[in-house]
Every structure is written in C-alpha cells, then in structure tokens.
Amino acid sequence: MSSGVETKAEATFHFSDRVNRIAVSATAAVVDAAAKLKARGVDVVDFGMGQPDFNTPDHIKQAAVRALEANHTQYTTVAGIAPLRQAICAWHAAQLGSSYQPNECAVNVGGKHALFNVVCSLINAGDEVVIPAPYWVSYPDIVMYAGGKPVFVATRESDRFSLRAADVEKVLGPKTRMVIVNSPSNPSGAVVAPQEFEKILSLCRVRSIWLVSDECYSHFVYGDGDAAKPYSIASQPDSKNHVAVIGSFSKTFAMTGWRMGYVLAPQPLVDAVIKVQSQSTSNANSITQYAALAAMRGPMDSVAAMLAEYDRRRRRIVAGLRGIPGMRCNDPQGAFYVFPNIAGCKVNGAAIPRTSAGQADSAWVASELLQRAHVAVVPGDGFGAPGYFRLSYAVPIEKLDEGIRRLTQFFS
C-alpha cells in the first residue's frame, strides 16, 4: 500500500526461505504463455514443450486398462510394486549394463521427483553441488530448495558443450557433496563421452562425492559407432557406492503425462529416498506403475522409430537455423533440442538488445518471437546461458518447417 501500512491480507503471505530462493521453471513459464495465446485461437508454433509428440505405445496403454479392470487402484508400497522394481533393474542391466537389485530401486513421480528426493536426501545447508552449464532449468532450484549451493562449471559452444573432467576438477572444493551430469543434455543435446564420464567418476570416487547421472534421454543419441550408443556410468565396475541414477519413462516411452521415474542407487540412499517420499507423495500412481511394468517388459521398437524421426527433424532444423544470418547452431548429439547462439542476429535490421552484463537479451527475443511471430522458444537465461535459446524439435515436421519460416522472417 502507498501509505506503507501492511494490510491483514498482505501480512498473511510471508513465505518460507526455501520457497523464496527458488523460481518458477522457465520452461513452464513459456508453456503457460504459449497456452494463453493458443486459447485465443492464435496459431502458435511451439518449440518450447520438451516432450515427445508421439503417442504412448498401445501395449503400455492396454496394461493400464487391464490394471483398472483388475482394480489395482489401492495404495502400493512407497517404493513401488515389487515386479516393477525388479523389471526396472533387469531393463537397466540389459540396456545399460548395470547390476542393481530391487532393494536398490525406488519408483518416483517422474524423473524430476526422483532427483528432488535424492538431493533432499543428501544435501545439507551449505553443501556445494557442481552443475555443468548450460543446465536443465530445475537443477539449481532443487539444490537451493534443499539449502545447497549450486557451483557451475562452464562448457563451451566450440566444444559442442561437452563436459570435461578437467573442468569439473577445477571447481571441486572441500564443501562439494555432489556432481550432477545430464547426458544427453537438456538443453544443449551434448553427450559426455564414456571416457570423460569415467574420469569424472574417478574424481568423485577419490573425494567421496556423489555422482548423480540424469539418464532421462539415454536412448536418444545420434550417429554411428560406440559413441552413439546409450551409456550409463553405472555400468562401470565399483561405481555403485558413488553413483545415483535418475531415470524416467517420460521421454523413452512417450509417457510424460503418466508421471513415472525411478532412482537406482545403493540401498541406504534408496531407503532415504523412500523415507522422504513417504512424507510427501507416498507411492507413485498405481495404474501408471502397471503401465510402466509393461514398458519395461515389452518391445523397444517404438524407441527406434522415434529416434529415426527425431534424427530427420534434427537435420532439418539445424540446416534451417544455420541459414539465418548471424545464427550459430551446433549439431546436437542427443536428446531432441537445439540450442542456437543468437548473439550475432538482427531484428528489424538492428542488433539484439544487450543485458546489463553485455549479453544478447534472449529473454527479450523470446518474448518478441512469441508476440510477433507466434513462435514459442525458451530463452537461454533459464539454462544459465544468456544469448541462446532452446528449441524442441519434438514437433511434427510440417510445424517445424513453418517455425523455421517464421524464425527466418523474424530475424530478417
């Protein structure tokens, strides 16, 4: 109030420090803004949403129907039904070479929930967590919610944003408790080479630091040879006591709305995750668990089909973006995102406005794109990379082509 007197209603809203030190997800903000335009009937090309545009495979949906018909609608154990935990361990062993047992697995409400539970189980106030930048938008906020301090390690566009062990080593200190590695990466599409991943594990092992491996995009890698195969650091001998794997059904099986993820880790850490979960969500959705069981035991042909289509779109969008004057764009090695550098682009013949730090104002560009060209992208600021923006090419090819046309026109 202008009088400086606080009303009774205003006095009510004194939020906790843990809430005040985090922000709404940058991707969620873009999705909401695009949704408002769509609700008004505007034709929006939405590159903001990071989810497959494919349907969940039929055998998975039918398993959910059967679970409903069998009245599997009660609570399950907090950690998840035993057959699913067994199936996750078996699938991960067959696909990624690990050796986990069911008591080393917890089922969560999506990959983000799995990470949240792990961080809350391990991080105390003042603990440092190393996060490569650009990073997935939720990593720093989850760490800060738990009272920890994010410590960022920069990766380089000239190096395709690939994380190097030597760069990680430079930021490790006496308070470092955890290193989070996301490979393939959201937002850059970078893949950590197995030999570099193993060097990072070695650094963590020597210093008794947890290595958290976010494998949500593990099966979307491009190219030929061993470097383009799904990889998990948990496949390395003697890794288990230092590694926590974050897994998700959302991307691999086109199950984003089902909300299903998992943690694979040593039993004491899994027990701590279960304890945290028992006081928040309790078990993940029972019907989804039976659908996930079918995913783990069923064929993988839908994954191969999605990967082939993503690869086609990847080539198309990279070529289109590179055709825009002033724009630079790496070939993503995995996931389904491109992360172009827009610092050299112009809008209406003028250079893009700069932030107070002298970087291209990607938030301004994203806002202008949405309002004027009706193209939704996520500005790089939320990923720790001003001057870039993220586009998801998990969109139909005709929408992708229309989006490129609009972007070309906007930047011309």
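Going residue by residue through the range 274-287, is there one that turns out to be on the phi > 0 side of the Ramachandran plot and among the aliphatic types (A, V, I, L, M)? No, the range 274-287 contains no residue that is on the phi > 0 side of the Ramachandran plot and among the aliphatic types (A, V, I, L, M).
Among the residues of the range 381-412 satisfying the criterion of being of a type in the set (S, T, Y) and over 17 Å from Q51 (Cβ atoms), which is surrounded by the fewest Cβ atoms within 10 Å (Cβ to Cβ)? The residue in question is S412. Scanning the range 248-269 for residues that are surrounded by 23 or more Cβ atoms within 10 Å (Cβ to Cβ) and either among the aromatic types (F, W, Y) or over 21 Å from the mean Cα position of the chain (by Cα) (or both) yields a total of 4.
Close Cβ contacts (under 7 Å, 6 or more residues apart or on different chains) running from residues in the range 189-208 that are in contact (Cβ under 8 Å) with a residue 60 or more places away in the chain to residues that are of a type in the set (F, W, Y) and not in a helix (DSSP H, G or I) comprise G189/Y337; G189/F339; A190/F161.
Of all residues in the range 297-309, none that is within 24 Å of E398 (Cβ to Cβ) and in the same structural domain as A335 (by TED's automatic domain parsing) has its Cβ atom under 7 Å from the Cβ atom of a residue that is in a helix (DSSP H, G or I) and small (G, A, S), 6 or more apart or on another chain. Can you tell me how many residues in the range 232-268 are in a strand (DSSP E or B) and of a type in the set (S, T, N, Q)? Qualifying residue count for the region: 1. Among the residues that make up the range 340-350, is at least one of them touching a Leu at 6+ places or on another chain (Cβ under 7 Å) and either buried (at least 22 other Cβ atoms within 10 Å of the Cβ) or at pLDDT 95 or above (or both)? Checked the range 340-350: at least one residue is touching a Leu at 6+ places or on another chain (Cβ under 7 Å) and either buried (at least 22 other Cβ atoms within 10 Å of the Cβ) or at pLDDT 95 or above (or both).
Checked against the criterion of being part of a helix (DSSP H, G or I), assigned by TED's automatic domain parsing to the domain that holds I200 and of a type in the set (D, E), the range 114-127 contains not a single residue that satisfies it. Per this entry, S188 is counted among residues that are more than 19 Å from I22 (Cβ to Cβ), assigned to a loop (DSSP other than H, G, I, E, B), in contact with a Ser or Thr (Cβ under 8 Å, 6 or more places away or on another chain) and not aromatic (F, W, Y). Only residues that are in contact with a Phe, Trp or Tyr (Cβ under 7 Å, 6 or more places away or on another chain) and in a loop (DSSP other than H, G, I, E, B) were counted in the range 332-351, giving 7.
Restricting P184, P174, P132, P194 to residues that are closer than 18 Å to A244 by Cα, surrounded by fewer than 24 Cβ atoms within 10 Å (Cβ to Cβ) and not aliphatic (A, V, I, L, M) narrows the list to P194.
For the residues A291, A335, the requirement of being touching a helix residue (DSSP H, G or I) at 6+ places or on another chain (Cβ under 7 Å), farther than 17 Å from T408 by Cα, among the aliphatic types (A, V, I, L, M) and crowded, with 19+ Cβ neighbours inside 10 Å singles out A291.
Looking at A363, is it in contact with a Gly (Cβ under 9 Å, 6 or more places away or on another chain), in the same structural domain as G50 (by TED's automatic domain parsing) and not in a loop (DSSP other than H, G, I, E, B)? Taking the combined requirement at face value, the residue satisfies it.
Residue by residue, here is whether (1) in a helix (DSSP H, G or I); (2) closer than 25 Å to N186 by Cβ; (3) touching a helix residue (DSSP H, G or I) at 6+ places or on another chain (Cβ under 7 Å) holds:
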{"residue": "A64", "(1), (2), (3)": "yes, no, yes"}
{"residue": "A79", "(1), (2), (3)": "no, no, yes"}
{"residue": "H92", "(1), (2), (3)": "yes, yes, no"}
{"residue": "Y135", "(1), (2), (3)": "no, yes, yes"}
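Figure legend. Inter-residue proximity from the range 377-394: first residues in the same structural domain as A360 (by TED's automatic domain parsing) and without any contact (Cβ under 8 Å) to a residue 60 or more places away in the chain, second residues surrounded by 24 or more Cβ atoms within 10 Å (Cβ to Cβ) and assigned to a helix (DSSP H, G or I), beta-carbon distance below 7 Å, spacing 6+ or different chains. Indicated pairs: P386/S362; P386/G380; G387/S362; G387/G380; F389/S362; F389/A366; F389/G380. Of the residues L370, L400, L391, L407, the single one that is assigned to a strand (DSSP E or B) and among the hydrophobic types (A, V, I, L, M, F, W, C) is L391. If you go through the range 222-231 one residue at a time, do you hit one that is modelled with pLDDT of 95 or more, within 28 Å of M144 (Cβ to Cβ) and assigned to a loop (DSSP other than H, G, I, E, B)? No; the residues of the range 222-231 include none that is modelled with pLDDT of 95 or more, within 28 Å of M144 (Cβ to Cβ) and assigned to a loop (DSSP other than H, G, I, E, B).
Residues are listed down the side, and each one gets a yes or a no for (1) in the same structural domain as H72 (by TED's automatic domain parsing); (2) part of a helix (DSSP H, G or I); (3) aliphatic (A, V, I, L, M):
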site: V270; (1), (2), (3): yes, yes, yes
site: K275; (1), (2), (3): yes, yes, no
site: Y290; (1), (2), (3): yes, yes, no
site: N330; (1), (2), (3): no, no, no
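The values are calculated or read from the model by the stated rules, or taken from the named source; none is laboratory data. These numbers come from a predicted model, not from an experiment. When we count neighbours, we look across all protein chains shown, and the Cβ atoms used for this are built from the backbone with ideal geometry, even at glycine.
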